[in-house]
Structures are given as C-alpha cells and as structure tokens.
Amino acid sequence: MQLLNTLYLTTPETYLRVENQTLAIEQNRELKLRVPLHHLHAVVCFGHIQVSTPLMHTLAQQGVALVLLDDHGRFQARLEGATAGNVLLRRAQHQFSLDAGRTLALARCFVAGKVRNARSLLLRGAREAKSEADGARLTRLAQNLAASLRALPGCETLDALRGVEGEAAREHFMGLSLLVRPEAREHFHLQDGRSRRPPRDRLNALLSFLYSLWMNDCRSALEAVGLDPQVGFLHALRPGRAALALDLMEEFRPVADRLALTLINRQQLRAADFIEREGGAVTLKPDARKAVLVAFQERKQETLQHPLLAQPMALGLVPLVQARLLARAVRGETDAEGRPASYLPFLIR
C-alpha cells in the first residue's frame, strides 16, 4: 500500500486551479506552488479557500477527495467522484447494524481499543514521571482504566457500554494534564475536563484540532473500502453524523493525545500560539495550526509494526487497514480456522 499525501490549505483567500495535471496554488494572483495530482490522496481546505470548477472536475475524475473544513477543523463538506463502494458490503453493514447482539459486540471492540491505548499512554507517563506523586496518580488512573476494561464484557446494552466508556474517558483526561511537563501546566491543562464546542482552554483546543484531522482520515479510509461512514455501531445514528467514522476514530484518540503532548512538552507550541476569544473559546493561531499540520503529517509517515499483521507500515496507513478488518467482520468472513472474523482494534505500544 502506498501512503499518498494529503494537501492542507490554511491561508485565507488562497486560490486553487488545475494546470497540466498539477494543482496550482495562488495567493494574491501569484503562483506559490504546483503539486502533481497523482501524488495526492486528498485536498483539505480550512476556511475561505477558493477552488476552480475545472479543478473540482479533475479531482473527482482522478479519485482525489476535496474536503472543506471550517477555520476550527470542523467538517463542512466533501466532494468525490462516483461512489466506488461495494453496494453488497453496505447492505451487509446496514443489516449488521440492525442486529443488537452483533452491534454491541463490535461497539465493545471500539471501546476496548480506546481504553487500552489510553491506559498505555498513562502507564508510559507514570514510568517517565518526574515526581513520585505524579507517577502514583497516573498509576492509579491506569488501574481504573484496567477496571473499565474488565467491566466491558458485562455490559449488556449499548447504554451500559457508553457509560463505561464515558467514565474511562474522564479518568483518562484527568491524567492527561499530568503528562504535560510541570512548567507548562499553568498554560496547558484541561480546566474542566473535556470541552468541545467551543474548546475552553489551550489543551482542549489542540486536542479538538487533532481529533478533527484523525476523523477525516478515518472517514476517508471507510469510504475507500466501501463502508458507509454514516452507519455506526457505538455512536448513535443522527442525520449528518459520520457515526462509523467516530467509531473507528476511538482507538486513534490516544495517538492524537500523544502528538499533542509531544508538541507541548518539546515547546513546539507555546501559550502565545493560541487565541482566547470573547466568551471563553480558545483557538490556534494560523501559524500554529500550520505547525500542527506539519507535525501530524510527519507522524503519519512514521513506521510501526502492526500488531495483527506483524508487518511494518506507516502510521498513516493504519486507518485503512483497520477499515478493511472492519469490512471483513461486517461481511461475516471466517478466519483460517473457520470461525467468524472479529474486529481487532489497533493497539499502540
């Protein structure tokens, strides 16, 4: 599998057009960059980016997704060519979602992946903690997440499962501020736990932005294998909500958390890189957002060993691999021993 590039555009009033099978980027009518289209998997535009109609047609013809996000990274629209998904797979997915038992079992896998990865992050932080108090607190929180994992098999309804997941998330976010280096905690901590719309502190703002990036990649991966990103199992179905993309993203949230902590602890992001708006909302400044995008792309290029496939691959390919494993489970395929294939979440080390 080839890891193709995602092109992110963040500068307001940038104009995109097609020129001899390249994407030309202009600012103030001055050509800034040309990018060969065959190198691209997606073009993601933040805020007020202008796109020519011929370029839209060319992107659709070549299977390059055009994604429109608002200034904060929230999804607005997506343009793609003819749907390449397998209608039989989507029908199987819809039928699967109507089976309460199978839906619960699959949702349990998503939650288990998220909680295991969050626990790994806290345990690593406990080992590397600079103070005994921080290490002990992180260890206790990791133990609480282990208790959440043990409770998952006993969840007999989606509501019960979501309750366990919610409590585990609260424990995780309690520990996240302790993973920030002590001298940066004054500016980077979760003031009142997780806040989303809008983020109320710098750490929440950074997490929301990174989660949006992973969400877009998970949605693209699901569509690439032919699954319907709207029909999920853990997240409730709502009009306009990519529930399955949210399901798949759960196991990648701690991966985003790691990158956020790296950017803060290495001082690649500072308090001055954020804007505090009237009403309490906090957002990244444009230059800081570009720095996060560069770091995100670099992290996706890093090679790791996939725990199930036992082969090295770039992190950016993992959502596609997981989407394929999910499709196999939805189709009801069997493993080498003739048993129904189950979904195995991606686990970080």
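The values are calculated or read from the model by the stated rules, or taken from the named source; none is laboratory data. The model shown is predicted, which means the values in this text are computed figures rather than measured ones. Cβ coordinates were reconstructed from backbone atoms using ideal geometry, including for glycine residues, and neighbour counts include every protein chain displayed. Side chains are part of the model used for accessible areas, which takes the heavy atoms of the whole protein and leaves out ligands, DNA and RNA. Shrake-Rupley method; radii C 1.70, N 1.55, O 1.52, S 1.80 Å.
Surrounded by fewer than 20 Cβ atoms within 10 Å (Cβ to Cβ) and assigned to a strand (DSSP E or B): does that describe Leu33?
yes
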- Residues of segment 75-126 satisfying the condition of being farther than 21 Å from Leu237 by Cα and of a type in the set (A, V, I, L, M, F, W, C): Leu79, Ala82, Ala84, Val115, Ala118, Leu121, Leu122, Leu123, Ala126
- Task: Working only within segment 291-305, note down all residues that are part of a helix (DSSP H, G or I) and open to solvent by less than 50 Å² (accessible area, probe 1.4 Å).
- Result: Ala291, Val292, Leu293, Ala295, Phe296, Gln297, Arg299, Lys300
- Item | Output for segment 306-323, where each listed residue is surrounded by fewer than 16 Cβ atoms within 10 Å (Cβ to Cβ) and in contact (Cβ under 8 Å) with a residue 24 or more places away in the chain | Pro307, Leu308, Ala314
- Query: Taking segment 48-60, which residues are open to solvent by less than 30 Å² (accessible area, probe 1.4 Å) and part of a loop (DSSP other than H, G, I, E, B)?
  - Reply: Ile49, Ser52
- Message: Suppose we keep only residues that are at pLDDT below 80 and assigned to a strand (DSSP E or B) within segment 1-30. Which one would you say is most open to solvent (accessible area, probe 1.4 Å)?
- Response: Asn5
